[in-house]
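Trainee: A single structure is presented below for examination.
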Amino acid sequence: MEIIRELDSFKTTDAPVYLALGNFDGVHKGHQQLINKLVEKARLNEGTAAAFIFEPHPIQVLNPAQAPDLINTAAIKAQLLQQLGIDVLIYHSFTPQIAQCSPRQFVEEYLLARLGVQEVFIGFNYSFGYKGAGTPELLEAYGTEYGFAVNIIAPVEVEGVTVSSTFIRKMLSEGNIAKARTLLGYYPILEGIIIKEEGRGAAIGFPTANLRVEKGIQMPAQGVYAAFASLDGEIHKAVVNIGTKPTFHEEYPLSVEAHIIDFNKNIYGQTLRLYLVKNIRKERKFSGIDELVKQIAQDKAEAYQILLKSGDGFTI
């Protein structure tokens with residue numbers, strides 16, 4: 001898959017462009033249905049399957065105080081879209097100037113003049129143009145006027161729930177990993193650079209990899225999780241604590257600590273990806289080191305058994 005930063009770098013070819021429009025935060029099952037339909041149509045007609053995403057998310061520019069945290073980083077989103085068959089991913093900067101663009105201007109200047117779209121694929125709640133005035137129905141009308149097809153994908157329901165990024169964020173914030181996974185279609189992911197912190201884990205017999213997670217990423221509820229850890233292309237079992245270390249601090253920034261089971265190497269500075277499988281318990285304050293060590297040992301054993309049962313079908 002080719003990743004293009006800024007639309008000016010996109011070069012048109014003779015291949016017809018089949019374009020997905022949206023933010024695709026989480027690349028959940030609703031997004032997957034849209035992308036699958038797009039890729040199928042592009043392959044059938046020897047076209048280019050492309051996705052156009054504003055970066056940062058428009059709400060982060062227009063109303064940053066109301067901007068939600070995102071389910072995935074741009075890099076993880078790109079990997080998920082590539083796995084679905086997207087040929088070209090275009091990340092284009094969202095600016096206050098673009099925010100002033102009318103729906104018709106967006107169609108004429110972006111979809112037609114610069115992308116030359118053959119067909120466009122959008123979700124049922126997609127909006128575009130100044131103050132989100134453009135609706136799926138309006139885009140459909142422009143398609144009829146300008147000669148490109150518009151495919152509006154209906155809501156996708158899973159277990160009686162309409163799949164949405166907003167609802168998945170809620171499930172993560174509540175620590176409902178099972179529900180989030182059902183709606184995403186994959187284990188929720190946290191990724192970060194391993195940094196040095198207090199080193200207390202190693203001192204009590206449970207060394208941890210402390211992650212610096214990108215700002216603006218949706219964090220799961222504070223607590224202890226069973227997780228698969230991906231490092232250098234290898235998969236390990238891990239028990240993860242997300243919290244503020246209340247046993248040792250009255251106040252402490254939210255941290256992500258992963259104890260990788262049966263692993264003890266110096267991995268500072270490397271990127272670690274965690275696939276969260278199950279929330280084991282809530283974070284809590286212990287009376288002392290001995291009680292904490294005993295609980296961590298129990299958490300480790302429980303995580304190991306959970307991951308042992310979950311690992312048969314696990315793929316990155």
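Results for (1) in the same structural domain as Met219 (by TED's automatic domain parsing); (2) in contact (Cβ under 8 Å) with a residue 24 or more places away in the chain; (3) of a type in the set (A, V, I, L, M, F, W, C), shown as yes or no for each residue.
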| residue | (1), (2), (3) |
| --- | --- |
| Ser102 | no, yes, no |
| Ser127 | no, no, no |
| Thr135 | no, no, no |
| Leu138 | no, yes, yes |
| Thr166 | no, yes, no |
| Met171 | no, no, yes |
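Trainee: Evaluate the stretch 196-212: report whether one residue or more is in contact with a helix residue (DSSP H, G or I) (Cβ under 6 Å, 6 or more places away or on another chain), buried (at least 19 other Cβ atoms within 10 Å of the Cβ) and assigned by TED's automatic domain parsing to the domain that holds Ile71.
Mentor: There is no residue in the stretch 196-212 that is in contact with a helix residue (DSSP H, G or I) (Cβ under 6 Å, 6 or more places away or on another chain), buried (at least 19 other Cβ atoms within 10 Å of the Cβ) and assigned by TED's automatic domain parsing to the domain that holds Ile71.
Trainee: Condition test on Lys179, is it outside the structural domain of Pro96 (by TED's automatic domain parsing) and either small (Gly, Ala, Ser) or loosely packed, with under 15 Cβ neighbours inside 10 Å (or both)?
Mentor: no
Trainee: Would you check which residues across the stretch 147-165 are assigned to a strand (DSSP E or B) and of a type in the set (Gly, Ala, Ser) and list them? Write out each step before concluding.
Mentor: Kept after step one, since they are assigned to a strand (DSSP E or B), are these residues of the stretch 147-165: 149-153, 157-158, 161-162.
Once the filter is applied, which keeps residues that are assigned to a strand (DSSP E or B) and of a type in the set (Gly, Ala, Ser), the stretch 147-165 yields only Ala149.
Trainee: Exactly one condition in (1) over 22 Å from Leu138 (Cβ atoms); (2) assigned to a helix (DSSP H, G or I); (3) touching a strand residue (DSSP E or B) at 6+ places or on another chain (Cβ under 9 Å) is false for Ala15; which is it?
Mentor: (2)
Trainee: Another question, if that's okay. Return the residue satisfying two criteria in turn: it lies in the stretch 125-136 and is assigned to a loop (DSSP other than H, G, I, E, B) and either β-branched (Val, Ile, Thr) or in contact with a helix residue (DSSP H, G or I) (Cβ under 7 Å, 6 or more places away or on another chain) (or both), and of such residues it is nearest to His31 (Cα to Cα).
Mentor: Of everything passing the filter in the stretch 125-136, Tyr126 is nearest to His31 (Cα to Cα).
Trainee: Would you check which residues across the stretch 194-236 are hydrophobic (A, V, I, L, M, F, W, C), more than 30 Å from Lys29 (Cβ to Cβ) and either modelled with pLDDT of 95 or more or touching a strand residue (DSSP E or B) at 6+ places or on another chain (Cβ under 6 Å) (or both) and list them?
Mentor: Of everything in the stretch 194-236, those that are hydrophobic (A, V, I, L, M, F, W, C), more than 30 Å from Lys29 (Cβ to Cβ) and either modelled with pLDDT of 95 or more or touching a strand residue (DSSP E or B) at 6+ places or on another chain (Cβ under 6 Å) (or both) turn out to be Ile194, Ile195, Phe206, Ala209.
Trainee: Related question: Can you tell me how many residues within the stretch 51-96 are of a type outside the set (A, V, I, L, M, F, W, C) and in a loop (DSSP other than H, G, I, E, B)?
Mentor: Qualifying residue count for the region: 10.
Trainee: Being crowded, with 19+ Cβ neighbours inside 10 Å and assigned to a strand (DSSP E or B) narrows it down to one residue among Ile168, Ile122; which is it?
Mentor: Result of the check over Ile168, Ile122: Ile122.
The values are calculated or read from the model by the stated rules, or taken from the named source; none is laboratory data. Keep in mind that what you see is a predicted model, and the values were worked out from it rather than measured. Methodologically, a virtual Cβ is constructed for each residue, glycine included, from the backbone with ideal geometry; neighbour enumeration extends over all protein chains shown.
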